[in-house]
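A quick write-up on the structure given underneath.
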Amino acid sequence: MPDNRDLGVARHGDDRLRLAAAAENNELVGELNAAVARAERLQSLTDALGDALTTPAVADLIVAMAPELLGTAYATVMLMEADGRSVRFLRLQPVPDRVARLMSQIPAGARSATGDAMALREPVFHRNLDEYLGDYPHLREATEALGVKALAHLPLVAGPRLLGVLSLSWWEERQFEADERRFLTTVAGQCALATQRAELFEQKSEVATILQRAILPGRLPRSARLAFAARYLAAETDIDVGGDWYDAFPGPDDRVWFSVGDVAGHGPEAASVMGQLRNAMRALAYAGLEPSGLMDVVDCLLSRAAEGPAVATAIVAVGDPATGRVTWSNAGHLPPLLLPAAGAPSLIDERHGPLLGVDRPGRRQGTIELDVKDVLLFYTDGLVENRGEPLEAGLARLVESAHHWSADGGPGAVADHALATSLGGGARLDDLCVLAVQRQG
């Protein structure tokens with residue numbers, strides 16, 4: 001028969017084993033929960049970075065999200081300068097004025113965690129202030145004034161390129177265990193990829209904008225009684241050259257010709273068609289055609305182009321500076337806005353034929369008499385068309401906002417007013433251009 005003392009010892013041993021197993025299980029669950037939380041935080045940052053198209057936007061997101069996702073006191077994004085040796089602060093989370101003054105007094109060539117992270121291309125972690133000041137004693141005054149206790153400097157590396165450094169700091173000491181170090185390094189990797197993508201977008205966008213502006217007229221005609229102003233803005237979410245155009249030029253007589261249009265599509269093909277249309281319209285104006293006849297010829301040319309058919313919307317007009325009479329033909333384009341010197345603004349919703357490229361001759365034209373200081377505003381759909389709302393809503397917003405404009409500043413002021421109120425503050429998903437024409441005394 002077993003001794004009760006032996007049974008008690010066995011039960012006690014079983015209890016210890018159960019407690020140890022429970023503790024181990026709790027530890028594993030805790031580690032799993034921490035890993036899931038880190039993965040969710042990383043996914044949240046990655047998703048947000050996917051919508052950032054410029055390097056400032058990337059840096060803004062990192063600095064804004066770091067306190068919530070990483071628990072930081074301060075976050076700073078620094079990018080490499082063109083010389084490949086120094087960095088510039090792209091986004092610095094605001095620090096107290098005294099700290100900023102102390103930081104400004106640090107010699108430019110002084111050793112720093114930023115410099116070490118760049119030289120090593122590896123993260124530099126400091127678990128507490130003693131560790132940090134042991135490596136950089138000359139930074140004591142500024143760091144102690146900042147009040148942080150732990151710091152991490154993470155190089156932003158994408159492939160072979162060193163893009164910059166992400167600097168993070170915390171109010172409390174941290175152990176920076178292996179899992180956290182891997183997590184922070186992964187965060188820096190995602191930030192580096194987003195920065196690289198944004199740099200490429202900025203470069204291509206700049207090239208596209210330069211090309212687009214090179215295609216558009218370098219200057220607008222000067223007339224004693226007809227004044228012009230034009231504006232062009234590239235899409236915020238696209239890097240292709242667009243097919244939007246404006247043009248204005250003196251004709252063979254005393255009148256001035258002008259046009260606004262939009263070739264369907266984007267890219268070099270649309271830009272090429274746009275350039276051909278503008279040149280053809282200028283040539284036909286000098287051939288003595290009126291706007292409706294000009295549109296018929298352009299329509300035929302576009303529908304039978306050797307490169308394949310293309311379509312475009314356009315308005316072509318010719319203005320007489322002496323009388324203020326404007327004769328125009330609208331090929332499926334958005335209605336121009338009339339901003340009279342006296343009276344309410346309104347859309348001139350006349351269509352004189354379908355869009356260009358469908359080979360439909362017999363187009364019509366209309367006329368309007370401008371009084372002194374009256375303004376006609378022509379534009380492409382990027383000014384009013386917003387994803388998720390009907391076009392009528394954008395047109396109504398344009399007319400409503402025009403009630404608050406003044407033409408006293410000339411056509412340039414009207415064009416600027418139009419851009420300022422475009423899309424109701426939404427993202428610009430398409431190129432846009434505006435052309436304002438004002439009759440002057």
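Which one is modelled with the lowest pLDDT, of the residues in the range 230-281 that are over 29 Å from GLU199 (Cα atoms) and hydroxyl-bearing (Ser, Thr, Tyr)?
Filtering first and then ranking leaves TYR246.
Are any residues in the range 333-352 over 19 Å from LEU432 (Cα atoms), of a type in the set (A, V, I, L, M) and either surrounded by fewer than 20 Cβ atoms within 10 Å (Cβ to Cβ) or not assigned by TED's automatic domain parsing to the domain that holds ALA418 (or both), and if so, which ones?
ALA341, ALA342, ALA344, ILE348
Might you check whether a residue that is within 36 Å of the chain's Cα centre (by Cα), among the β-branched types (Val, Ile, Thr) and on the phi < 0 side of the Ramachandran plot occurs anywhere in the range 318-335?
yes
Restrict the check to the range 363-378 and report whether at least one residue is among the hydrophobic types (A, V, I, L, M, F, W, C), at pLDDT below 90 and surrounded by 15 or more Cβ atoms within 10 Å (Cβ to Cβ).
No: zero hits.
Can you find a residue in the range 402-424 that is of a type in the set (S, T, N, Q) and crowded, with 16+ Cβ neighbours inside 10 Å? Walk me through it before giving the result.
The initial filter retains those residues of the range 402-424 that are of a type in the set (S, T, N, Q), namely 406, 421-422.
Those still in the list that are crowded, with 16+ Cβ neighbours inside 10 Å too: 421-422.
Yes, the range 402-424 contains a residue that is of a type in the set (S, T, N, Q) and crowded, with 16+ Cβ neighbours inside 10 Å.
If we keep just the residues of the range 132-156 that are surrounded by fewer than 21 Cβ atoms within 10 Å (Cβ to Cβ), free of Cβ contacts under 8 Å to residues at least 40 places away in the same chain and not in a helix (DSSP H, G or I), which is nearest to the chain's Cα centre (by Cα)?
In this case the residue turns out to be LYS149.
Among the small types (Gly, Ala, Ser), modelled with pLDDT of 80 or more, surrounded by 11 or more Cβ atoms within 10 Å (Cβ to Cβ) and part of a helix (DSSP H, G or I): which single residue out of ALA48, ALA75, ALA39, ALA57 fits that description?
Just a single option satisfies the conditions, and that option is ALA57.
Considering only residues that are surrounded by fewer than 18 Cβ atoms within 10 Å (Cβ to Cβ) and either in a strand (DSSP E or B) or not aliphatic (A, V, I, L, M) (or both), look in the range 210-222 and name the one that is modelled with the lowest pLDDT.
As a first pass, look at the range 210-222 and keep what is surrounded by fewer than 18 Cβ atoms within 10 Å (Cβ to Cβ): 210-211, 213-219, 221-222.
Cutting the leftovers down to either in a strand (DSSP E or B) or not aliphatic (A, V, I, L, M) (or both) gives us 213, 217-219, 221-222.
On the way: ARG213: 58, PRO217: 72, GLY218: 68, ARG219: 79, PRO221: 84, ARG222: 79.
Taking the candidates together, the pick is ARG213.
In the range 399-417, is there at least one residue being charged (D, E, K, R), touching a residue at least 60 places away in the same chain (Cβ under 8 Å) and farther than 21 Å from VAL263 by Cα?
Checked the range 399-417: at least one residue is charged (D, E, K, R), touching a residue at least 60 places away in the same chain (Cβ under 8 Å) and farther than 21 Å from VAL263 by Cα.
I'd like the full set of residues that are in contact (Cβ under 8 Å) with a residue 24 or more places away in the chain and either of a type in the set (A, V, I, L, M) or more than 21 Å from ARG41 (Cα to Cα) (or both), limited to the range 160-172.
Result: ARG161, LEU162, LEU163, GLY164, VAL165, LEU166, LEU168.
Is one or more of the residues making up the range 181-191 touching a residue at least 24 places away in the same chain (Cβ under 8 Å), assigned by TED's automatic domain parsing to the domain that holds ALA66, of a type in the set (Lys, Arg) and part of a loop (DSSP other than H, G, I, E, B)? Before you say what the answer is, go through the steps one by one.
If we filter the range 181-191 for residues that are touching a residue at least 24 places away in the same chain (Cβ under 8 Å), which is where we start, we get 181, 183-191.
Still in the list and also assigned by TED's automatic domain parsing to the domain that holds ALA66: 181, 183-191.
Right, trim to of a type in the set (Lys, Arg) and you get 181.
With the extra rule that they be part of a loop (DSSP other than H, G, I, E, B), the set shrinks to none.
No: zero hits.
Checking PRO107 against (1) buried (at least 19 other Cβ atoms within 10 Å of the Cβ); (2) outside any strand (DSSP E or B), only one condition comes out false. Which one?
(1)
Could you grab me the full set of residues in the range 379-393 that are crowded, with 16+ Cβ neighbours inside 10 Å and either touching a helix residue (DSSP H, G or I) at 6+ places or on another chain (Cβ under 7 Å) or among the hydrophobic types (A, V, I, L, M, F, W, C) (or both)?
Kept after step one, since they are crowded, with 16+ Cβ neighbours inside 10 Å, are these residues of the range 379-393: 379-386.
TYR379, LEU383, VAL384, GLU385, ASN386, listed by residue number.
Pairs needed: first member in the range 244-256, within 10 Å of ASP320 (Cα to Cα); second member anywhere, in a strand (DSSP E or B) and aliphatic (A, V, I, L, M); C-beta distance under 8 Å; at least 6 residues apart or different chains.
From residues that are within 10 Å of ASP320 (Cα to Cα), the pairs are ARG255/VAL318; VAL256/LEU226; VAL256/ALA248; VAL256/VAL318.
Limited to the range 289-310, what total is found for residues that are modelled with pLDDT under 90 and either in a loop (DSSP other than H, G, I, E, B) or surrounded by fewer than 17 Cβ atoms within 10 Å (Cβ to Cβ) (or both)?
Summing the residues that are modelled with pLDDT under 90 and either in a loop (DSSP other than H, G, I, E, B) or surrounded by fewer than 17 Cβ atoms within 10 Å (Cβ to Cβ) (or both) in the range 289-310 gives 9.
If ASN279 meets every condition in (1) without any contact (Cβ under 8 Å) to a residue 24 or more places away in the chain; (2) within 23 Å of PRO411 (Cβ to Cβ) apart from one, which number is that one?
(2)
The values are calculated or read from the model by the stated rules, or taken from the named source; none is laboratory data. Predicted model only: the values in this text are computed from it and were never measured. In this analysis, Cβ positions are derived from the backbone assuming ideal geometry, glycine residues included, and neighbour counts consider all displayed protein chains.
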